[in-house]
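Chemist: Before I ask anything, here is the structure I am working with.
The values are calculated or read from the model by the stated rules, or taken from the named source; none is laboratory data. Owing to the predicted nature of the structure, the values given are computational and were not obtained by experimental measurement. As a convention, Cβ positions derive from the backbone with ideal geometry for all residues, glycine included, and neighbour counts pool all protein chains shown. The accessibility values were calculated without ligands, DNA or RNA, using every heavy atom of the protein model including side chains. Shrake-Rupley method; radii C 1.70, N 1.55, O 1.52, S 1.80 Å.
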Amino acid sequence: MTGAGAGRVALAAGTAGPLAAGGLCRALGLAGPADVLWAGATLFALVPAVWWVLVALRQRRLGVDLIAVLALLGSLLVREYLAGALIAVMLATGRSLEDYASGRARRDLRALLERTPHEARRYEDGAVRRVPVEDVVRGDRLLVPAGSVVPVDGVVEREAAFLDESALTGEALPVEHDVGAAVRSGTLNAGDPFDLRATATAEESTYAGVVRLAREAQAESAPVVRLADRFAVLFLPLSLAVAGGAWLASGQLVRAVAVLVVATPCPLLLAAPAAIVAGISRTARHGVVVKGGAALETLGHARTLILDKTGTLTTGRPEVTDVVTDAETDPAELLRLAAAIDQMSAHTLAEAVVRAAHERGLSLPRPCEVREVPGRGARGRVDGRRVTVGKAVSEAAWMSGVRARAALDGAMTVWVTLDGRTRGVVLLRDAVRADAPRTLRRLRSAGIRRIVMLTGDRADVAESVATVLGVDQVQAECSPAEKVRAVRDEPDVSAMVGDGINDGPALAAADVGVAMGARGAAASSQAADIVITTDRLGRLADAMDVARRARRIAVQSAGAGMLLSLVAMAGAALGLIPPAAGALLQEGIDAAVILNALRALRGGRGTRVPLDLATDALLRRFGREHAFLRPPLENLRTVADTLSATPEALERLHDVHRFLVGTLLPHERGEETRLYPAVARALGGTETTTTMSRGHAEIERLVRRLGHHLGLAAEGGLRPDQLDDLKACLYGLHAVLTLHFAQEEEAYFSLSSGAQAF
C-alpha cells in the first residue's frame, strides 16, 4: 500500500472509530464523553483538510475543500460535534472511494510493468543458456518456452507460435503465428515452445515502448482537475453566499454551519475524478494508454477527427495485389523467382513479395550471386536463371498498359527480368484497414461531426482512399508544417490520429493527440496524449466510447450531487435541517453520486456490436479463410486475359474450376449456413445479410456457367464462339468476388476486433 493510501485508511479509522464510540456513549447516557470523541474525530479530519486547501492554493486553485474546512470549523464553533464527526467520516469515506478507483487504474497500468521480461534463453554453441534480456542483439536465435513472455520482437523460426496477446491487444483468444511471421515482445506463449530470431533489442522492442508509456501515464497529475474546477467556480461562492445570507437573515450562526455542512462538496471533489480515472482504467486494460484524465476528458468531447492516411487509415504495409506477366510466363513461377531473390533483401517491398509467395504456398529456392544495387533493385541466379527484381531492364508493348493500370490504381510496381528480358511485374498497394470504414461510422455515431484526412501522399491516391471511407475533407501532399497549420486552424475541439515521425508535431498541436503505437514511431507516441498499443484502428472508437461514457457519468454525478446539495442548502438556510441531520443527508448524497461515478469501471456497449465468443470465433475462422483465398482470385483475371482456344488455356480453365468448386464454394456455403445466421443475430435480423446472400447466389450461378462451358469443351476442346462468354464469366467472377470479399471484411469480419467487452 502506498503512503497516501495508508494515510487515507488511517483517516477513515480515525474518524469512524470515534463516531461509533461516541454513539455508544450517547446511547448509555454519557453525553460528555460522546462530545469529546466526536470533537476529536472532527479535529482529526480538520488537519488533512486544511492541508488539502493549502496544496490547492499553492497550485493557484481555490480548492472546493475550503467548504469542508469551514463546515468542520463551524461545527466546532457552534458545538455541533456530531455534525462535525459525520462530516469527517464523509470526507474519509469519499477519499477511500477515490483511492479504490484510482488504484484500479494504477493496477491496470502496473500489470504492464510487471510482465516485463528480464531474461531470455539464447542458443549458444548448440546449447540454450539464460542471458539478461539486455544482452540480446539482432539476429540472436532464442527459445521461447511454453508459458513464458516473448522477450524481444522477432520472427518465428521453428514450429508455429500460439500466443496470448491480451496484454497488448486486449483480446482474450490466443493467436497462431506460422513460421516466418513477426511477433512482438510482451506476448505470452500459450502453446508449445518455439524458436525466435530476434529482429530488435529489448530496448527497441514493442513492449519496452508500452512500458515507457505506462510510466508516463502513472507520472501524470491527478485527473479531472479541470472539470471539478469549472463546477467549483460557481459552487464555492454560491455556498458561501447562502451560508452568509442565512446567518445575516436569522442571526443564528448554526444555520450558516448547517448550510456549509450540506454543501460539503464530496460529489465535486471525488465523483467526477473517480469516473474519469475509472475510464482510464478501462482503456489501459485494452491496449489504450491515456496519459492523464484531461486527455480522456478532451477526447470525450472532441467534434473533429483528423487522421493521417499511411499507417493509420491504411495498413502501412504494402501488399501484393496482382502479378502480371507476358503471354509466355506463368505468374506463379515469376513470383517464385522474384521472391527467391527478395528473401535476401530487407527492403519493405521485398518483404511484401516474399510474404505473398509464402501465402501462395510457393517453395523458395536459395539464390546465389545476389547483389543489391541501390535505386535499381536486386539481382542474382535462381535455378540457373539470371533474375533481376526492381526496375525494368527492357521494354515491351504489354508493359505500357500495366503502367497505366498501376497509375490508375495508385499501385507500386516491382518489375521482374529473367535472363535479360522483362517478363512480368508485381503490383503492390497499401491497403485500407479492414476495420477503418466501420470505425469511422462508429466515431460519427459517438459524436464526431467532421473527419479530415491529412497525408503527404499524392492527391489521386488520397482521394481514392477518402472516397472508400467517406471522409469529409482531404488535404494531400502535406508537409509536417502544413499538417500542424491544418490542425491549428480547426475551430472545434479536435483529435489528431497518426503513427509516423512526421505526425509528431501535429499530434502535439491538436487538442488531443492519438498515436497508433503498435508499429508507429517513438516520436509520435511521445508527442501524443493517448497511445493505441495495438495495430487496430477500432480501438480508437472503443476509447472514444469509454471517454464519452466516463465524462457523461462524471458530469452527471457532480451535477446531481450539487443539485441535491443546493436543495438541502435551501432547507438548512430556512432552519429546517440542523447540522447533524444535514451531515447525515449529505453523507447519503455523497454515497449515491460516488457509487454512480464508479459505474464507469464497468463496460458499456457504446457504438460497438456485442458478440458472443462463438460468433467471434466464426468470424475469425472465415476471416483467415479469406486471407488464404484472396491471392488465387487474381488468377481469374489472368486466365481471362490470356484465354484462347488452345489445350493450354483449357487446362488453366480446369484448374480455375477445380479451385472454385473444391475450395471457394465450400467456403461460401459455410458462410451462408453458419456465419450469416450468427451475424444476423448479432446485428438484429436477417436483413443485414440479405445482400451478401444474393452475392453468394451470383457466385454460384457464374461457377455453374463456367462448368457448363467446360462440359461443352470436353470432347473437341474450346470453340472460338465460347471465348467471349467465358471471358465475361471469368471477369464477372473476379469482380463479384473482389467486391463480395471487401464487403464481408468491412461489414462482418471487422466486428471481431471489438468482440471482447471494452
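Chemist: Taking the stated definitions as given, is Gly662 among the small types (Gly, Ala, Ser), out of contact with any strand residue (DSSP E or B) (no Cβ under 7 Å at 6 or more places or on another chain), in a helix (DSSP H, G or I) and closer than 25 Å to Asp725 by Cβ?
Modeler: It is true that Gly662 is among the small types (Gly, Ala, Ser), out of contact with any strand residue (DSSP E or B) (no Cβ under 7 Å at 6 or more places or on another chain), in a helix (DSSP H, G or I) and closer than 25 Å to Asp725 by Cβ.
Chemist: When you go through (1) open to solvent by less than 80 Å² (accessible area, probe 1.4 Å); (2) modelled with pLDDT of 85 or more; (3) farther than 30 Å from Leu611 by Cβ one by one for Leu113, which number turns out not to apply?
Modeler: (2)
Chemist: Here's another thing I want to ask about it. Scan the range 717-744 for residues that are part of a helix (DSSP H, G or I) and either loosely packed, with under 13 Cβ neighbours inside 10 Å or without any contact (Cβ under 8 Å) to a residue 12 or more places away in the chain (or both) and jot them down.
Modeler: Those that are part of a helix (DSSP H, G or I) and either loosely packed, with under 13 Cβ neighbours inside 10 Å or without any contact (Cβ under 8 Å) to a residue 12 or more places away in the chain (or both): Pro720, Asp721, Asp724, Ala728, Ala735, Leu739, Ala742.
Chemist: Another question, if that's okay. Could you pull out the residue among Ala714, Ala697 that is out of contact with any Lys or Arg (no Cβ under 6 Å at 6 or more places or on another chain), open to solvent by 20 Å² or more (accessible area, probe 1.4 Å) and not in a helix (DSSP H, G or I)?
Modeler: Selected residue: Ala714, the only one of Ala714, Ala697 that is out of contact with any Lys or Arg (no Cβ under 6 Å at 6 or more places or on another chain), open to solvent by 20 Å² or more (accessible area, probe 1.4 Å) and not in a helix (DSSP H, G or I).
Chemist: Name the pairs whose Cβ atoms lie under 7 Å apart, with the first residue in the range 21-43 and within 18 Å of Val261 (Cα to Cα) and part of a helix (DSSP H, G or I), the second of a type in the set (A, V, I, L, M, F, W, C) and open to solvent by less than 30 Å² (accessible area, probe 1.4 Å), and 6 or more positions between them or separate chains?
Modeler: Trp38/Ala85; Ala41/Ala85; Ala41/Ala88; Thr42/Leu72; Thr42/Ala85; Thr42/Ala88
Chemist: Output the residue which, of all residues in the range 42-53 that are surrounded by 18 or more Cβ atoms within 10 Å (Cβ to Cβ) and either in contact with a Ser or Thr (Cβ under 8 Å, 6 or more places away or on another chain) or among the β-branched types (Val, Ile, Thr) (or both), is farthest from Leu19 (Cα to Cα).
Modeler: Val53
Chemist: Could you say which residue among Ser96, Ser102 is within 30 Å of Ala34 (Cβ to Cβ), of a type in the set (Ser, Thr, Tyr) and at pLDDT below 80?
Modeler: Exactly one residue qualifies, and that residue is Ser96.
Chemist: State whether one or more residues within the range 476-493 are within 20 Å of the chain's Cα centre (by Cα) and touching a residue at least 60 places away in the same chain (Cβ under 8 Å).
Modeler: No, the range 476-493 has no match at all.
Chemist: A further question on this structure: If I ask for residues that are modelled with pLDDT under 70 and open to solvent by 10 Å² or more (accessible area, probe 1.4 Å), which ones from the range 251-272 would you list?
Modeler: Leu269
Chemist: While we're looking at this one, here's another question. Out of the range 607-626, which residues are open to solvent by 50 Å² or more (accessible area, probe 1.4 Å) and not in a helix (DSSP H, G or I)?
Modeler: Result: Pro610, Asp612.
Chemist: Determine which single condition Ala583 fails, assuming it passes every other condition in (1) modelled with pLDDT of 85 or more; (2) among the aliphatic types (A, V, I, L, M); (3) closer than 30 Å to Leu240 by Cβ; (4) not in a loop (DSSP other than H, G, I, E, B).
Modeler: Only one criterion in (1) modelled with pLDDT of 85 or more; (2) among the aliphatic types (A, V, I, L, M); (3) closer than 30 Å to Leu240 by Cβ; (4) not in a loop (DSSP other than H, G, I, E, B) is unmet by Ala583, namely (1).
Chemist: I'd like to check something: does the range 364-377 contain any residue that is closer than 17 Å to Leu427 by Cα and open to solvent by less than 50 Å² (accessible area, probe 1.4 Å)?
Modeler: Yes, the range 364-377 contains a residue that is closer than 17 Å to Leu427 by Cα and open to solvent by less than 50 Å² (accessible area, probe 1.4 Å).
Chemist: May I pose another question? Considering only the range 305-361, state which residues are in a helix (DSSP H, G or I), of a type in the set (Asp, Glu), over 23 Å from Glu625 (Cα atoms) and open to solvent by 50 Å² or more (accessible area, probe 1.4 Å).
Modeler: Glu333
Chemist: Residues in the range 129-136: is at least one modelled with pLDDT under 75 and either buried (at least 23 other Cβ atoms within 10 Å of the Cβ) or under 30 Å from Ala200 (Cα atoms) (or both)?
Modeler: no
Chemist: Within the range 186-199, work out how many residues are modelled with pLDDT of 85 or more, farther than 10 Å from Pro151 by Cα and not aromatic (Phe, Trp, Tyr).
Modeler: So the count comes out to 5.
Chemist: Taking the options Leu540, Leu629, name whichever one is crowded, with 21+ Cβ neighbours inside 10 Å and in contact with a helix residue (DSSP H, G or I) (Cβ under 8 Å, 6 or more places away or on another chain).
Modeler: One residue alone meets the criteria, Leu540.
Chemist: Looking at the range 428-453, which of the residues that are open to solvent by 50 Å² or more (accessible area, probe 1.4 Å) and more than 17 Å from Thr467 (Cα to Cα) is farthest from the chain's Cα centre (by Cα)?
Modeler: Step by step, filter the range 428-453, then rank; the result is Arg449.
Chemist: Here's another thing I want to ask about it. So, of the residues in the range 632-659 that are among the basic types (Lys, Arg) and free of Cβ contacts under 8 Å to residues at least 24 places away in the same chain, which turns out to be least open to solvent (accessible area, probe 1.4 Å)?
Modeler: The selected residue is Arg652.
Chemist: Now for a different question. Which one is farthest from Val257 (Cα to Cα) among residues in the range 54-70 that are modelled with pLDDT of 75 or more and open to solvent by less than 70 Å² (accessible area, probe 1.4 Å)?
Modeler: Taking the candidates together, the pick is Val55.
Chemist: (1) more than 17 Å from Pro647 (Cα to Cα); (2) open to solvent by 20 Å² or more (accessible area, probe 1.4 Å): which one isn't true of Tyr748, the others all being true?
Modeler: Every listed condition holds for Tyr748 apart from (2).
Yes/no matrix, rows are residues, columns are (1) at pLDDT 90 or above; (2) more than 19 Å from Leu739 (Cβ to Cβ); (3) not charged (D, E, K, R):
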position	(1), (2), (3)
Glu651	no, yes, no
Val661	yes, yes, yes
Leu665	yes, no, yes
Glu672	yes, no, no
Ala678	no, yes, yes
Leu683	no, yes, yes
Thr686	no, yes, yes
Thr691	no, no, yes
His696	yes, no, yes
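Chemist: Hey, another quick one. Considering each of Leu173, Leu168, Leu213 in turn, give the residue that is open to solvent by 40 Å² or more (accessible area, probe 1.4 Å) and modelled with pLDDT under 80.
Modeler: None of the other options fit; the residue is Leu173.
Chemist: Still on this structure: Tally the residues that are among the hydrophobic types (A, V, I, L, M, F, W, C), in contact with a strand residue (DSSP E or B) (Cβ under 7 Å, 6 or more places away or on another chain) and not in a strand (DSSP E or B), restricting the search to the range 362-385.
Modeler: Result for the range 362-385: 0.
Chemist: Further, regarding this structure: Go over the candidates Val414, Val382, Val425 one by one and state the one that is open to solvent by less than 50 Å² (accessible area, probe 1.4 Å), touching a Gly at 6+ places or on another chain (Cβ under 7 Å) and not polar (S, T, N, Q).
Modeler: From the options Val414, Val382, Val425, the qualifying one is Val414.
Chemist: Still on this structure, please answer the following. Considering each residue of the range 560-579, count those that are open to solvent by 30 Å² or more (accessible area, probe 1.4 Å) and within 15 Å of Ala274 (Cβ to Cβ), and give that number.
Modeler: The qualifying residues number 1.
Chemist: Something else now. Output the number of residues of the range 386-418 satisfying the condition of being among the aliphatic types (A, V, I, L, M), in a strand (DSSP E or B) and either within 39 Å of the chain's Cα centre (by Cα) or more than 22 Å from Thr638 (Cβ to Cβ) (or both).
Modeler: Of the residues in that region, 4 qualify.
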